[in-house]
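> The structure is given below, and queries will be raised subsequently.
The values are calculated or read from the model by the stated rules, or taken from the named source; none is laboratory data. A quick note: this is a predicted structure, and the numbers were derived from the prediction, not measured. Glycine gets a Cβ as well: all are built from the backbone with ideal geometry, and neighbour counts include every protein chain shown.
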């Protein structure tokens with residue numbers, strides 16, 4: 001007797017896409033069987049997903065909840081973006097069941113303290129499952145390296161590194177290459193992976209000075225600062241450093257330019273384990289969108305680029321240099337998102353956790369003829385593999401967590417902020433999505449069905465992760 005059977009004719013599994021019955025017992029998939037092998041009376045409930053698309057629950061490997069928003073005016077009050085309660089609820093509505101956020105280490109504390117602080121933000125306050133990248137900042141004291149080794153062994157193996165302070169007002173994020181070198185040695189030895197925000201800090205800060213001198217500080221000029229040359233220089237330098245440290249595995253976050261794609265591809269061609277993440281913003285918008293009313297809503301750091309960069313990102317997916325599509329989720333209201341209007345104070349990130357899966361289904365399967373399997377790879381499976389969650393997550397297979405998203409092609413939708421569950425704006429306003437999730441299951445529990453939310457705020461569980469050795473040795477995704 002199973003708790004639930006989901007019967008579908010377009011079910012994406014590791015063995016291929018076809019007609020399967022997903023038999024669920026408790027929190028896991030007990031069996032994947034041909035249609036009809038078990039009768040309806042052999043399950044507590046049967047859901048017919050015929051004519052719909054059934055994929056593993058979505059995984060967003062890059063979000064920022066309760067993120068610090070610095071004040072615009074000197075002496076003003078800083079704020080925080082929405083927390084995991086809001087973001088995870090929206091994610092579940094959009095078919096995403098797992099989120100990876102950041103536990104930020106700062107000077108004067110241990111990494112263990114940083115993780116425990118983040119647990120207070122999330123535990124019992126999240127509808128989806130969740131995990132943390134460990135974010136390091138600034139000068140790295142010698143006693144931190146053993147702590148990095150320990151936190152990797154404790155199940156948080158991805159270490160976030162900035163090669164830039166991003167803006168002049170955010171001094172203290174950048175880690176020097178000498179310290180990165182030492183961190184890479186720990187990652188290589190202990191089973192970790194570098195999660196890199198790579199920009200050339202000298203170029204970025206120089207361009208802030210140039211625009212200030214020329215009186216062109218309007219945020220529409222953002223792409224001149226966080227430019228393609230900066231991505232080229234920084235990606236190639238950080239990748240070469242990783243190659244020298246016996247091929248330290250890297251996850252290059254929010255790849256935005258053709259130059260970044262090319263740098264990743266060159267290293268992968270030599271057999272090094274370098275993986276690229278892009279954001280659906282970079283795939284869909286360019287710096288020209290900054291000129292639209294409230295153009296800040298399209299921005300996330302580094303910056304939007306040219307249509308030629310978009311083309312390279314799409315091609316990178318097909319050639320292997322782009323493995324995942326994330327959001328860099330920053331959930332805040334419109335007034336907060338547009339309060340900054342200069343290149344040095346505009347708010348990054350985007351509210352996109354809910355529409356991500358549907359938008360990417362439309363763009364990949366419908367508009368570009370990707371297979372359903374490749375689409376599922378980009379919104380779920382590849383992130384699970386790279387980040388040490390597979391096959392517990394990211395797979396419809398016996399023994400895997402019963403995390404499931406059912407997309408209905410008969411539920412096409414014009415996206416509006418009013419119909420979403422994140423905030424009061426969306427950069428996807430008016431977008432025509434070809435399908436929409438009608439069922440989201442988290443570890444066997446139906447969390448959303450036909451738009452009705454059935455989750456509990458305590459449903460989410462912390463994930464401890466371990467990256468597979470093959471992922472760390474060569475580019476397998």
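> Quick check on my filter: what residues within region 48-75 are surrounded by 21 or more Cβ atoms within 10 Å (Cβ to Cβ) and more than 16 Å from the chain's Cα centre (by Cα)?
Within region 48-75, 49, 52, 53, 54, 55 qualify.
> What is the residue count in region 388-410 for residues that are over 21 Å from the mean Cα position of the chain (by Cα) and either part of a strand (DSSP E or B) or within 13 Å of residue 355 (Cβ to Cβ) (or both)?
1
> Give the residue, chosen from 134, 148, 140, 111, that is over 29 Å from residue 58 (Cα atoms) and buried (at least 19 other Cβ atoms within 10 Å of the Cβ).
Being over 29 Å from residue 58 (Cα atoms) and buried (at least 19 other Cβ atoms within 10 Å of the Cβ) holds for just one of 134, 148, 140, 111, which is 140.
> Just give me the residues in region 346-380 being assigned to a loop (DSSP other than H, G, I, E, B) and more than 14 Å from residue 62 (Cα to Cα), in sequence order.
Selection gives 346, 347, 355, 369, 370, 371.
> Does any residue in region 14-32 that is assigned to a loop (DSSP other than H, G, I, E, B) come within less than 8 Å, Cβ to Cβ, of a residue that is at pLDDT below 95 and surrounded by fewer than 17 Cβ atoms within 10 Å (Cβ to Cβ) six or more places away or on a different chain, and which pairs are these?
If the second residue must be at pLDDT below 95 and surrounded by fewer than 17 Cβ atoms within 10 Å (Cβ to Cβ), no pairs are left.
> Sticking with this structure for a sec: Would you be able to say whether some residue in region 230-242 is under 24 Å from the mean Cα position of the chain (by Cα), in contact (Cβ under 8 Å) with a residue 40 or more places away in the chain, closer than 29 Å to residue 296 by Cα and surrounded by fewer than 22 Cβ atoms within 10 Å (Cβ to Cβ)?
No, there is no match, as no residue in region 230-242 is under 24 Å from the mean Cα position of the chain (by Cα), in contact (Cβ under 8 Å) with a residue 40 or more places away in the chain, closer than 29 Å to residue 296 by Cα and surrounded by fewer than 22 Cβ atoms within 10 Å (Cβ to Cβ).
> Find the residue count for region 38-47, including only residues that are surrounded by 12 or more Cβ atoms within 10 Å (Cβ to Cβ) and out of contact with any strand residue (DSSP E or B) (no Cβ under 6 Å at 6 or more places or on another chain).
2
> Quick one: residue 208 ticks every box in (1) farther than 26 Å from residue 356 by Cβ; (2) free of Cβ contacts under 8 Å to residues at least 60 places away in the same chain; (3) in a helix (DSSP H, G or I) bar one, so which box is it?
So residue 208 meets the others, but not (2).
> Regarding region 123-130, can at least one residue be identified that is free of Cβ contacts under 8 Å to residues at least 60 places away in the same chain, in contact with a strand residue (DSSP E or B) (Cβ under 8 Å, 6 or more places away or on another chain) and not in a strand (DSSP E or B)?
Checked region 123-130: no residue is free of Cβ contacts under 8 Å to residues at least 60 places away in the same chain, in contact with a strand residue (DSSP E or B) (Cβ under 8 Å, 6 or more places away or on another chain) and not in a strand (DSSP E or B).
> Which of (1) more than 30 Å from residue 79 (Cα to Cα); (2) free of Cβ contacts under 8 Å to residues at least 40 places away in the same chain; (3) outside the structural domain of residue 68 (by TED's automatic domain parsing) is the odd one out, the single condition residue 418 does not satisfy?
Just one mismatch for residue 418, condition (1).
> Quick check on my filter: what residues within region 56-104 are modelled with pLDDT of 95 or more and more than 26 Å from residue 278 (Cβ to Cβ)?
Within region 56-104, 85 is the sole residue that qualifies.
> Between 222, 252, which is farther than 26 Å from residue 361 by Cα, at pLDDT 95 or above, assigned by TED's automatic domain parsing to the domain that holds residue 164 and buried (at least 23 other Cβ atoms within 10 Å of the Cβ)?
It is 222.
> Could I ask something else about it? Go through (1) out of contact with any helix residue (DSSP H, G or I) (no Cβ under 6 Å at 6 or more places or on another chain); (2) in a loop (DSSP other than H, G, I, E, B); (3) more than 19 Å from residue 29 (Cα to Cα); (4) in contact (Cβ under 8 Å) with a residue 24 or more places away in the chain one by one and return the number of the condition residue 383 breaks.
So the condition that residue 383 fails would be (2).
> Take the residues in region 274-303 that are more than 17 Å from the chain's Cα centre (by Cα) and assigned to a loop (DSSP other than H, G, I, E, B), then tell me which one is surrounded by the fewest Cβ atoms within 10 Å (Cβ to Cβ).
Selected residue: 293.
> Could you tell me whether any residue of region 311-320 is assigned to a loop (DSSP other than H, G, I, E, B) and farther than 15 Å from residue 428 by Cβ?
Within region 311-320 (the criterion being assigned to a loop (DSSP other than H, G, I, E, B) and farther than 15 Å from residue 428 by Cβ), the answer is yes, since at least one residue qualifies.
> Now for a separate question. Checking residue 78 against (1) in contact (Cβ under 8 Å) with a residue 12 or more places away in the chain; (2) touching a strand residue (DSSP E or B) at 6+ places or on another chain (Cβ under 9 Å); (3) loosely packed, with under 12 Cβ neighbours inside 10 Å: exactly one of these is not met. Which one?
(1)
> Separate question: Name every residue in region 453-464 that is surrounded by fewer than 20 Cβ atoms within 10 Å (Cβ to Cβ) and under 17 Å from residue 133 (Cβ atoms), in order of residue number.
Scanning region 453-464 gives 462, 464.
> While we're on this one: Any residue that is part of a loop (DSSP other than H, G, I, E, B), in the same structural domain as residue 132 (by TED's automatic domain parsing) and crowded, with 24+ Cβ neighbours inside 10 Å - is there at least one of those in region 333-345?
yes
> Residues in region 145-167: is at least one out of contact with any helix residue (DSSP H, G or I) (no Cβ under 9 Å at 6 or more places or on another chain), within 17 Å of residue 107 (Cα to Cα) and assigned to a loop (DSSP other than H, G, I, E, B)?
The answer is no, given that none of the residues of region 145-167 is out of contact with any helix residue (DSSP H, G or I) (no Cβ under 9 Å at 6 or more places or on another chain), within 17 Å of residue 107 (Cα to Cα) and assigned to a loop (DSSP other than H, G, I, E, B).
Okay, residues lined up against (1) more than 25 Å from residue 387 (Cα to Cα); (2) in a strand (DSSP E or B); (3) not assigned by TED's automatic domain parsing to the domain that holds residue 329:
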site	(1), (2), (3)
422	yes, no, yes
438	yes, yes, yes
458	no, no, yes
472	no, no, yes
